[in-house]
Amino acid sequence: MAVPEFRNEPLTDFSQPAAHQAMTEALAQVRAQFGRHYPLWIGGRAVDTPERIVSYNPGRKTEVVGTVARATREHAEQALAAAWEAFGPWSRLPASARAAVLFRAAAIMRRRKLELAAWEVYEAGKTWPEADADVAEAIDFLEYYGRQALRLAEPQPVTPLAGEFNETFYIPLGAGLVIPPWNFPLAILTGTTVGPVVAGNTVILKPASNTPVIGAKFMEIMIEAGIPAGVINFLPGPGPEVGDYLVAHPRTRFVNFTGSMEVGLRIYEQAARRQPGQIWLKRVVAEMGGKDAIVVDESADLEEAANGIVVSAFGFQGQKCSACSRAIVVDGVYDEVLQRVVEKTRQLRVGQADDPATQVGPVIDQAAFQKIMRYIEIGRGEGRLVVGGQGDDREGYFIQPTVFADVDGRATIAQEEIFGPVVAFIRARDFDHALALANDTMYGLTGSVYARDRYKLERAKHEFHVGNLYFNRKCTGALVGVHPFGGWNMSGTDAKAGGPDYLLWFMQPKSVSEKL
Ligand SMILES: NC(=O)c1ccc[n+]([C@@H]2O[C@H](COP(=O)([O-])OP(=O)(O)OC[C@H]3O[C@@H](n4cnc5c(N)ncnc54)[C@H](O)[C@@H]3O)[C@@H](O)[C@H]2O)c1
Ligand SMILES: N[C@@H](CCC=O)C(=O)O
């Protein structure tokens with residue numbers, strides 16, 4: 001199968017009147033579909049349930065975006081059986097046939113790009129550009145993993161040995177469970193599902209309960225693209241009920257989880273426990289949270305650094321695992337960087353995500369609102385509140401972008417993942433101290449260094465312990481194929497989503513040797 005070289009999907013420029021108009025129309029079309037109901041998909045059949053998950057718009061909290069069927073353990077059992085039934089034929093297809101389904105799905109998503117972005121605006125509270133970027137990333141995952149599957153299907157190199165014919169090749173694992181988070185509701189859901197699938201596995205996809213409608217849209221697209229029955233089983237349901245049951249199930253072959261450290265650790269532990277009748281070690285990918293830092297050195301371009309901190313801390317309301325929640329600035333430039341960040345933060349416009357002027361939308365739900373506001377209260381005792389600090393949950397879950405200055409590196413708000421629009425400024429004596437502070441966390445996901453001094457950048461390259469390190473740019477926005485993504489330590493298994501090794505997490509190599 002000849003395919004063109006992978007290229008990242010371009011982002012939409014909403015400053016162009018035609019794009020602006022098209023997005024306005026997409027929002028209206030999507031709004032007209034509010035309140036629809038979406039089924040489970042098990043073995044290629046749509047299944048409804050008496051109980052439903054109701055999905056609300058976080059910006060207008062009584063507005064129902066849609067309802068989705070709610071699976072029980074019986075459905076989970078049926079879905080696992082369906083996934084195993086589909087595994088034989090799907091795994092025996094050539095990689096090119098599996099990749100073709102992904103390429104078709106990418107083409108469908110491209111055609112429906114703004115419609116899908118509009119669903120994200122309403123269901124996840126993403127601003128226009130954030131929603132558009134998420135859809136583009138989903139398309140990238142389809143295109144990129146399709147190509148990686150073709151590459152991995154090629155014969156693998158082995159050293160020749162006289163008198164023998166030797167070969168090594170990759171085979172899929174079996175039927176597994178995919179548990180994505182709500183914060184990249186199409187991109188991460190798509191990538192974590194189609195990666196294992198294009199490698200020849202079959203899956204049960206349990207979407208996050210805050211964004212199940214976008215999950216249902218993904219499922220519609222995969223069906224339209226020709227995914228055979230049972231290869232992807234769509235199973236919205238409560239994490240602790242359906243998720244726990246399937247994680248512990250002896251016939252679950254792998255778990256592909258992205259989410260919080262608390263849930264990730266629980267899954268890691270549960271999956272490690274052998275169940276009666278279980279004949280394998282479950283493969284677990286667990287990509288978890290972060291406490292990401294931007295380090296600013298005296299040699300940095302301070303305006304660039306301030307811009308980088310603001311966009312990394314407050315993009316999508318700070319609800320990214322990659323978000324900058326610590327700004328570690330060396331003493332000589334601390335006050336100036338802080339002042340610039342405060343000024344820029346004051347100018348951010350908080351509002352409804354469907355308003356194109358909005359830069360900071362709502363946080364995802366009441367629980368997130370309360371949790372973030374609790375951290376802001378803690379922050380008042382741990383630092384100097386210099387901007388923000390207020391929340392308003394009357395209409396939707398809005399929190400002002402918040403900056404705390406003069407926070408100690410061991411303070412709660414400098415150690416725990418807040419997952420909201422809150423950044424702690426920490427003063428470092430010098431660059432050595434800044435690196436020590438940056439590494440003083442149990443996480444290790446993203447980080448960024450602003451410096452012009454080449455010696456310092458080179459030191460950071462080796463001594464700043466994170467999976468994704470950036471120089472003189474924001475610490476969010478990894479691109480598929482360009483910045484393979486994943487973190488160290490309590491940030492997870494470092495599976496490097498969007499990288500050339502990702503599919504190997506869902507495959508096993510087999511070596512065959514024949515005497516000649
Ligand atoms: N490292 C990464 O690549 C990455 C990417 C995105 C988000 N995240 C992290 O995800 C978190 C935010 O997402 P979230 O709030 O959806 O996380 P979460 O851990 O609350 O939920 C993630 C998923 O797990 C499910 N779940 C919850 N309890 C479960 C259980 N007992 N068994 C099985 N599944 C269960 C949820 O329904 C959801 O689908 C943050 O910590 C963020 O840093 C990490
Ligand atoms: N891959 C995204 C973060 C995903 C986690 O939330 C980024 O690079 O900003």
message: I'd like the orientation of helix 113-124 relative to the chain: the angle between its Cα long axis and the longest Cα principal axis, in ° from 0 to 90, rounded to 10.
response: 60 degrees
task: Compute the separation of the alpha-carbon centres of the range 173-230 and the range 427-499 and state it in Å as a whole number.
output: 29 Å
- prompt: Which trypsin sites (Lys or Arg not before Pro) from the range 353-405 combine a DSSP loop assignment with at most 13 other Cβ atoms within 10 Å?
  reply: Arg394
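Hey, any idea what the orientation-averaged projected area of the convex hull of the range 293-375's Cα atoms comes to, in nm²?
Numbers: hull surface 24.1 nm².
Computing the convex hull of the Cα atoms and averaging its projections yields 6.0 nm².
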- line: Under the 7 Å Cα-to-Cβ spin-label approximation, Arg394 and Gln270 lie apart by a distance in nanometres of 4.1 nm
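In the range 82-132, what trypsin sites (Lys or Arg not before Pro) fall in a loop by DSSP, with at most 12 other Cβ atoms inside 10 Å? Please list the in-between numbers first.
Working: sites: Arg92, Arg98, Arg104, Arg110, Arg111, Arg112, Lys113, Lys126; in loops: Arg112, Lys126.
Here no trypsin sites (Lys or Arg not before Pro) fit, given the DSSP loop and packing criteria.
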Rough spin-label spacing in nm, given labels placed 7 Å along Cα→Cβ, for Gln33 and Tyr455: 5.9 nm
query: Quick one: length gained pulling Val3 to Leu385 fully straight, 0.36 nm per residue minus the C-alpha distance?
result: 132.2 nm
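Can you tell me the dipole magnitude for the chain around its Cα centre, using point charges on the Cβ only (Lys, Arg +1; Asp, Glu -1), in Debye to the nearest 20? Working shown, then result.
Numbers: 53 positive and 60 negative charges, 236 e Å.
So the magnitude is around 1140 debye.
Which whole-number percent gives the relative contact order of the range 80-176, counting Cα pairs below 8 Å spaced six or more residues apart?
Numbers: 68 pairs, mean separation 32.2, N = 97.
Over the range 80-176, the number comes to 33 percent.
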query: What do you reckon, how do Met1, Met507 stack up by accessible area (1.4 Å probe), largest on top?
result: Met1, Met507
query: Using alpha carbons only, how many degrees (0 to 90, rounded to 10) separate the axis of helix 454-463 from the longest principal axis of the chain?
result: 50 degrees
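Just add up the charged neighbours of Gly146: K/R +1, D/E -1, any other residue whose Cβ is under 12 Å from the Cβ of Gly146.
Values: positive: Arg98, Arg104, Arg147, Arg151; negative: Asp140, Glu143.
After counting each charged neighbour, the total is +2.
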query: If contacts are Cα pairs under 8 angstrom and at least 6 residues apart, what is the relative contact order of the chain in percent?
result: 17 percent
message: As I understand it, the value is the acute angle between the Cα axis of helix 73-92 and the longest principal axis of the Cα atoms of the chain; what does it come to in degrees, rounded to 10?
response: 70 degrees
field: Loop sites in the range 240-327: chymotrypsin sites (Phe, Trp or Tyr not before Pro), DSSP, at most 14 other Cβ within 10 Å
entry: Trp280
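Could you please put Phe165, Phe218 in sequence from largest to smallest accessible area, using a 1.4 Å probe?
Phe165, Phe218
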query: Asp430 accessible area, nearest 10 Å², 1.4 Å probe?
result: 70 Å²
- line: For the chain, the charge dipole (Cβ of Lys, Arg +1; Cβ of Asp, Glu -1; about the Cα centre) points to a positive end, and the Cα of Val158, Gln366, Ala106 closest to that extreme belongs to Val158
- prompt: Cα convex hull of the chain: mean projected area in nm², to one decimal?
  reply: 25.4 nm²
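Suppose only helical runs count, i.e. DSSP H with n ≥ 4. What mean residue ellipticity at 222 nm does that imply for the chain under -39500 (n - 2.57) per run, divided by all residues and rounded to the nearest 500 deg cm²/dmol?
Working: 15 runs with 201 residues, N = 516.
Calculated from helices alone, the mean residue ellipticity at 222 nm is -12500 deg cm²/dmol.
Can you tell me the length gained on complete extension of the stretch Ala19 to Thr67, counting 0.36 nm per residue apart and subtracting the Cα distance?
14.3 nm
Stretch Leu161-Leu93 to full length: gain in nm at 0.36 nm per residue minus the Cα-Cα span? List each step's numbers first, then the result.
Details: separation 68, 0.36 × 68 = 24.48 nm, distance 3.05 nm.
Between Leu161 and Leu93, full extension yields an extra 21.4 nm.
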message: How large are Rg and Dmax for the range 292-479 when calculated on the C-alpha trace, in angstrom?
response: 15.4, 51
field: Simple spin-label estimate for Lys515 and Asp501 in nanometres, 7 Å along Cα-Cβ
entry: 3.7 nm
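The values are calculated or read from the model by the stated rules, or taken from the named source; none is laboratory data. These numbers come from a predicted model, not from an experiment. We place every Cβ from the backbone using ideal geometry, glycine too, and count neighbours over all the protein chains shown. Note: areas computed on protein heavy atoms with side chains; ligands, DNA, RNA excluded. Shrake-Rupley method; radii C 1.70, N 1.55, O 1.52, S 1.80 Å.
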